[in-house]
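One structure is given below, encoded as structure tokens.
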Amino acid sequence: MKIALIGYGAMGKLIDQLAVERRHKVPVVIEGTDAGLSAAELAGKLEGVAAVIDFTVAAAVRRNVEACMIAQVPVVVGTTGWLDQKADIEKLVSDAGGALVYGANFSIGVNLFYKIAAYAAELFAKFPEYEAFIDEQHHSRKKDAPSGTALKIEEIVSSKLFGEDADEGVRVPIAATRAGNIPGTHRVGFDGPADQILLTHTARSREGFALGAVMAAEWIVGKKGFFDFTDVVSETLKR
Ligand SMILES: NC(=O)c1ccc[n+]([C@@H]2O[C@H](COP(=O)([O-])OP(=O)(O)OC[C@H]3O[C@@H](n4cnc5c(N)ncnc54)[C@H](OP(=O)(O)O)[C@@H]3O)[C@@H](O)[C@H]2O)c1
């Protein structure tokens, strides 16, 4: 199928390669130099593609989604750091009767890690002497901190540990480090009076994210709604 890429940085380039390996075509690439285009102008460039994949910056996501809705093309949003606008963007998609799948992390391993962290937190919820913590590390070019993945893990673990109190502001602490070329490491720890359990997910390269994004694009064609990539993984687990 024909896929348009918005953003042609580290992730965009990798997705281009992988999409072609999976026999897709990438006839449209929108780069940072197109940042000044309006949503309507951008929509004009997206006509004729089956799906769009966005890996840009948080500030560009609203315009990019609006353009996809005008062009009536489903969109995969890999960009992180925009969840403060989630309600607004979800409304944009639902008003247009369109389709969007987003994910703080498109790696299959991380999406399984979410489930493992949820189960661990469910066990530790019965033993309040253990306190949870989250630790994430990424390369120094990454702009948002903590990572979207760390925030998602925090949401999952806090809701299991604290239930409704999590809504009142009782949260698991997150430490974020930006250094060197680290593709992405996330840890969830449970520290007790005499021992500690540490769960770690280590990305070895960005290819896992790129593959998940292309799989999400293949999955969303023909659907309507606002989806989290965990929905794509959960559907596979049910099969
Ligand atoms: N969900 C996941 O699995 C996952 C995995 C990895 C990364 N990410 C996220 O994906 C995003 C991109 O990551 P990256 O490593 O590819 O970053 P990157 O190498 O900095 O690439 C971002 C690209 O977007 C371009 N851009 C900026 N504004 C734009 C606009 N308005 N229209 C079109 N292009 C625009 C930039 O161009 P200029 O350089 O010319 O400004 C740059 O080429 C980040 O938010 C990152 O956190 C998500």
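The values are calculated or read from the model by the stated rules, or taken from the named source; none is laboratory data. Just so it is clear, the model here is predicted, and its values are computed rather than measured. Ideal geometry is used to build each Cβ from the backbone, glycine not excepted, and the neighbour counts take in all protein chains shown.
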Residue within segment 127-137 that is crowded, with 19+ Cβ neighbours inside 10 Å, within 16 Å of the ligand (Cβ to nearest atom) and within 18 Å of the chain's Cα centre (by Cα) present:
yes
Which of (1) within 14 Å of the ligand (Cβ to nearest atom); (2) closer than 28 Å to SER147 by Cβ; (3) in contact with a Leu (Cβ under 9 Å, 6 or more places away or on another chain); (4) part of a strand (DSSP E or B) does VAL26 not meet, given it meets every other one?
(1)
Given the conditions (1) free of Cβ contacts under 8 Å to residues at least 12 places away in the same chain; (2) touching a Gly at 6+ places or on another chain (Cβ under 8 Å), which single one is not true for CYS68?
(1)
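Answer yes or no: is there a residue in segment 87-99 that is touching a Ser or Thr at 6+ places or on another chain (Cβ under 6 Å) and either under 29 Å from LEU37 (Cβ atoms) or assigned to a loop (DSSP other than H, G, I, E, B) (or both). Steps first, answer last, please.
Step one: of segment 87-99, the residues touching a Ser or Thr at 6+ places or on another chain (Cβ under 6 Å) are none.
No, because not a single residue in segment 87-99 is touching a Ser or Thr at 6+ places or on another chain (Cβ under 6 Å) and either under 29 Å from LEU37 (Cβ atoms) or assigned to a loop (DSSP other than H, G, I, E, B) (or both).
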Go through segment 84-108 and give me each residue that's over 21 Å from ALA59 (Cα atoms) and at pLDDT below 95.
SER107, ILE108
Just a yes or no: is a residue in segment 196-211 over 20 Å from ILE116 (Cβ atoms), surrounded by fewer than 20 Cβ atoms within 10 Å (Cβ to Cβ), small (Gly, Ala, Ser) and modelled with pLDDT of 95 or more?
no
Counting only residues in segment 44-65 that are more than 7 Å from the ligand (Cβ to nearest atom) and outside any helix (DSSP H, G or I), the one modelled with the lowest pLDDT is identified as GLU47
Among the residues of segment 41-78, which ones are β-branched (Val, Ile, Thr) and in contact with a Phe, Trp or Tyr (Cβ under 6 Å, 6 or more places away or on another chain)?
VAL61, VAL77
Of (1) buried (at least 23 other Cβ atoms within 10 Å of the Cβ); (2) touching a Lys or Arg at 6+ places or on another chain (Cβ under 7 Å); (3) in contact (Cβ under 8 Å) with a residue 60 or more places away in the chain, ILE30 satisfies every one except (3)
